[in-house]
Amino acid sequence: MKNLLIVYYSYTGGTRQMAEAAAKAARGEQDITTRLLRAEDCDPADMLDADGYIFATPENLAAIAGVMKAFFDRCYYPLLGQIEGRPYAAMICAGSDGDNARKQLERIATGWRLKKVIDTPIICTHAQTEEAILAPKTIDDADTAHCSEIGATLAAGLAMGVF
């Protein structure tokens, strides 16, 4: 049995909804065990136990969220050279742009020599004021469906041995 690990951080709920949609869809694949972990709860042993990954983060101040960065900082060197070639996908929740967070996350994954198997979507909430940025988020049905597709695709690819 293959293991898919979804690691996420969410402050206002948007990224959590994205990660949960991916996890729910991935759990539809019978030959896959899917774990959904908050970034602050994930350690190198969790990463080693997984055969593939989905990383989901909000963009904060044109970068991945600090809690997600702390996860990568905590796990990067202990895993270097141990997870090469494993498939991954990523998802970014942003107020407007998200491109810098995507680049930062993909650069970290490249350093681990992970294999990106799905293009990284940037789900835009259009939050531009302090009030809107700090408000709880609701991800719309179309974007939630896209996140579900990512989970289902990665799980199916792992189950079939495609990745």
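The values are calculated or read from the model by the stated rules, or taken from the named source; none is laboratory data. Keep in mind that what you see is a predicted model, and the values were worked out from it rather than measured. Virtual Cβ from ideal backbone geometry, glycine too; neighbours counted across all protein chains shown. What goes into the accessible areas is simple: the full protein's heavy atoms, side chains included, and nothing from ligands, DNA or RNA. Shrake-Rupley method; radii C 1.70, N 1.55, O 1.52, S 1.80 Å.
The table below lists the values:
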item: Peptide ranges 20-33, 77-90 listed from the most packed, as the mean C-beta count within 10 angstrom indicates; result: 20-33, 77-90
item: At least 20 Å along the helix axis (C-alpha) and Kyte average at least 0.0, DSSP helices within the chain; result: 141-160
item: Heavy atoms of residue 146 accessible to a 1.4 Å probe, total area in Å² rounded to 10; result: 80
item: Signed unit charges on C-beta, dipole axis of the chain, positive-most listed residue 100, 50, 89; result: 50
item: Other-chain or far-sequence residues with amide H under 5 Å of residue 114's (modelled H); result: 85
item: Relative contact order [Cα under 8 Å, 6+ residues apart], the chain, whole percent; result: 31
item: Per residue, in Å², the accessible surface of segment 75-163 once ligands and nucleic acids are set aside, probe 1.4 Å; result: 53
item: Cross-link table 2/115; 116/137; 2/116, entries beyond 25 Å C-alpha to C-alpha; result: 116/137
item: Counted charge near residue 42, where neighbours are those whose Cβ lies closer than 10 Å (Asp, Glu -1; Lys, Arg +1); result: -1
item: Carbon + sulfur, % of accessible area of the chain - ligands and nucleic acids excluded, 1.4 Å; result: 49
item: Gyration tensor verdict on the chain (Cα atoms; rounded if a/c is under 1.5, prolate if a/b is larger than b/c, oblate otherwise); result: oblate
item: Sparse-neighbour loop sites [trypsin sites (Lys or Arg not before Pro); segment 65-163; at most 16 other C-beta within 10 Å; DSSP]; result: 113
